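Working notes, beginning with the structure itself.
Just so it is clear, none of the values below were taken in a lab; they were calculated from the coordinates. Fair warning: this is a prediction, and the values are worked out from it, not measured in the lab. Note that we place each Cβ from the backbone using ideal geometry, even for glycine, and neighbour counts take in every protein chain shown.
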Amino acid sequence: MSNKIIEENNFYSFVYSEKDTTLIFNWKNIIEISNNDFKNYVTKYANYCLEYKPKIAAIDVREFKADLDFNVQEWWMEEIVPIYNKAGIEIFGYVTGDPKAPGVSDQTPPGVLFKMGFFKDLDSLQNWKKA
């Protein structure tokens with residue numbers, strides 16, 4: 001089994017790991033991005049989750065440095081969470097690079113049907129699922 005690059009450009013890559021049933025969204029050195037582009041890329045990733053049905057949805061934000069000027073949390077809950085729920089993901093995690101990242105949270109917002117957390121790296125996220 002291997003990793004399959006689903007899509008790649010100057011802003012991001014989407015990679016599916018068959019071995020770990022993980023769909024990875026890697027941001028690439030994002031310092032500035034429009035709200036619409038951000039929404040379009042995240043929605044595209046969520047739709048790939050519907051197609052690939054990963055157990056783990058991982059977004060690597062280590063190279064995402066942009067500030068967004070809209071309520072990302074509200075938009076994410078209304079537009080993206082229903083797609084993730086429908087895709088049947090079990091864990092949604094941000095890969096932050098922070099060695100003190102807390103891992104999976106015990107609390108999730110209402111309507112979220114999957115575990116959520118912040119992880120120092122992809123291995124930490126995937127290993128949590130195996131534990």
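Which net charge results when you count Lys and Arg as +1 and Asp and Glu as -1 among the other residues whose beta-carbon is under 14 Å from that of Thr96?
Taking every other residue near Thr96 into account, the sum is -1.
If the only charges are +1 at each Lys and Arg Cβ and -1 at each Asp and Glu Cβ, what is the size of the charge dipole of the stretch 3-130 around the Cα centre, to the nearest 20 debye?
Around 480 debye, computed over the stretch 3-130.
Considering only the other residues whose Cβ falls under 13 Å of the Cβ of Phe14, what net charge follows from Lys and Arg at +1 and Asp and Glu at -1?
Charge balance in the 13 Å sphere: -1.
Using only Cα atoms, locate the centre of the stretch 72-131 and the centre of the stretch 1-31, then give the distance between them in Å, rounded to an integer.
First find each Cα centre; the distance between them is then 16 Å.
Once you list every other residue whose beta carbon is under 14 Å from the beta carbon of Asn71, what net charge do they have if Lys and Arg are +1 and Asp and Glu are -1?
Residues close to Asn71 contribute a combined charge of -4.
Quote the convex hull volume per residue of the stretch 3-130, based on C-alpha atoms, as a whole number of Å³.
103
Per q in 0.21, 0.24, 0.27 1/Å, what log10 I(q)/I(0) does a Debye calculation on the alpha-carbon atoms of the stretch 51-112 return?
Here log10 of I(q) over I(0) equals -1.10, -1.30, -1.34.
Can you find, among Pro109, Asn26, Ala57, the residue farthest towards the positive end of the dipole of the stretch 3-130? Put +1 on the C-beta of Lys and Arg, -1 on that of Asp and Glu.
Ala57
Please check which bits of the stretch 57-88 a label hung off Val112 would reach, taking the label as a point 7 Å along Cα-to-C-beta and the cut-off as backbone N under 18 Å.
Of the residues in the stretch 57-88, 57-62, 71-88 have backbone N under 18 Å from the label point off Val112.
Can you list the HN-Hα couplings for the stretch 74-90, worked out from phi with the Karplus curve (6.51, -1.76, 1.60; θ = phi - 60°), rounded to whole Hz and with x for Gly and Pro?
With the stated coefficients, the stretch 74-90 comes to 5, 4, 4, 5, 7, 9, 9, 3, x, 5, 4, 4, 5, 6, x, 5, 9 Hz.
How high is the relative contact order of the chain, in percent, with contacts defined as C-alpha pairs under 8 Å that are six or more residues apart?
20
Rounded to the nearest angstrom and ordered from largest down, what semi-axes does the equivalent ellipsoid of the stretch 11-58 get from its C-alpha gyration tensor (root of 5λ)?
With the √(5λ) rule applied to the stretch 11-58, the semi-axes are 22, 12, 6 Å.
Which of the peptides 110-117, 24-31 is most tightly packed, and how do the rest follow, judged by the mean count of other Cβ atoms within 10 Å per residue?
Per-residue mean Cβ counts within 10 Å order the peptides as 24-31, 110-117.
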